[in-house]
Structures are given as structure tokens and as C-alpha cells.
């Protein structure tokens, strides 16, 4: 199952699609005609799928990199103790980036700075952290056993480094794709209750329903009220009418 976020400006939309595998050929249909930034986790299929799409700028996710280092901390028995390790240093660097992000986002929210000023200030404040972090990663890669949990985390981060720092290029981008991860969570939690979708057709139907319901929620609509509005209006529309008026971002809460 895939999830893409889009929609009109300032109107969030979540689109779910089911495929039997996460192979690159199943990613490509999402890319047809698309130009812009694509933020994902580090799954290898994304890199393969993006070959031949120069207008798509791949952006990585620092939250997934952080997760690798947290797993290394657990492997070292350093979580919840006074014990320090290399993984803790990496997490400290990443925390620094998030601290800058939170501080500047608050200033934008309070209209203390504009988005243009936000972008300039974020680059200025994050660049020293990123330079130091990258030097640390390269040094550690020469000293840490590659087969260790920390070595794997370092390799994961270095391999994706060019995409990880791409978020600095645009004010609308953040260090991670957690918004998409949160969007997937309701589907995953629901699937635990269903046990399964019954068939590929059932999974596709579930994706269609979740696309409507989660997009309605993202646009501050009550799902029940939204669906009731849709069902009330559908019988009044002819095939040639504008069915787009029923999309969540076109409905008044």
C-alpha cells in the first residue's frame, strides 16, 4: 500500500493505492507528469523508480535515519541509562536540526518571520550542524565495524545523505515525512482489526474509502457528515456535471 500527499494549495489530500509489492515498477505510475519534491523513506525502490525523472527532486527522511541510530543505542544497552555511545552523538546532531526547525516554524506561525526569511535562517543555522554531522559520519565509518548496528546506521545515513539535506531547499519541506507516516497509521491499525482485506479488490476498495475519509479529516471535516453530504448530493448529479465539487476541500465544514 502506498500513500501520496497532495491536493490544492493549503488543502491537504491523502491518496492511498494498493499494490501487491513495493517494487519500483509500482512507484512509477505515481510519477507520471509530476514535477517537484518527492519525500520518502529510504526504501531502495524509490531510487530505482526515479531514474529517468530529472524533474522529480528526491528528499530523504531524517526520522528514519534517527531510528537506525536509536536501534544502535538499544543494541549497545545505552537507552535509558547514563551510558553514552556513538549513536547518541548522531541523535544529538539530528536533534539539533529539529530544534532549529521547531524554533523557526513557531516564528513563522506567529508571523515573526516570513517563509523567505525562514528559509534563509534555516540554512544559516543548520549548515554548521550538517557539516559537523557529515564529518563525524565519515570519520566513524572508518572506525566502526560495518556489520554492527551503529555501522549499519552510519552506512544508511551516508548513502542517503544527498537526499537527507535536500529539505533545506524549500520552506514547505521538513526534515522528515512523518506526516505521511501518520497518514498510513490509521490504515495499518485498522488492518490489525480486519486481519486482512479479503482480496486485492478489497484492498483497493479500502484504499478508496481511506482516501476520502482521511482527506476529509485533514480538511477539518467530520467523516460521517462529509459522507452523508456526498451521498445526499450524488443522486442529483449527472455524468457531465462537476463531480469535483464533492471532494473534501470543496465542502464547507
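The values are calculated or read from the model by the stated rules, or taken from the named source; none is laboratory data. On a predicted model such as this, the values are computed, not experimentally measured, just so you know. Virtual Cβ from ideal backbone geometry, glycine too; neighbours counted across all protein chains shown.
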Which ones in the range 229-248 are without any contact (Cβ under 8 Å) to a residue 60 or more places away in the chain and part of a helix (DSSP H, G or I)? 229, 230, 231, 232, 233, 234, 235, 236, 243, 244, 245, 246
Can you name the number of the only condition in (1) touching a strand residue (DSSP E or B) at 6+ places or on another chain (Cβ under 9 Å); (2) modelled with pLDDT of 80 or more that residue 51 fails? (1)
Is it true that some residue in the range 39-52 is in contact with a helix residue (DSSP H, G or I) (Cβ under 6 Å, 6 or more places away or on another chain) and surrounded by fewer than 16 Cβ atoms within 10 Å (Cβ to Cβ)? yes
When residues of the range 26-73 are limited to those that are more than 15 Å from the chain's Cα centre (by Cα) and assigned by TED's automatic domain parsing to the domain that holds residue 101, the one farthest from residue 159 (Cα to Cα): 73
Residue under evaluation residue 226, criteria (1) surrounded by 17 or more Cβ atoms within 10 Å (Cβ to Cβ); (2) within 23 Å of the chain's Cα centre (by Cα); (3) assigned to a helix (DSSP H, G or I), criterion not met: (2)
Kindly check whether there is at least one residue in the range 161-168 that is more than 19 Å from residue 71 (Cβ to Cβ) and over 21 Å from the mean Cα position of the chain (by Cα). no
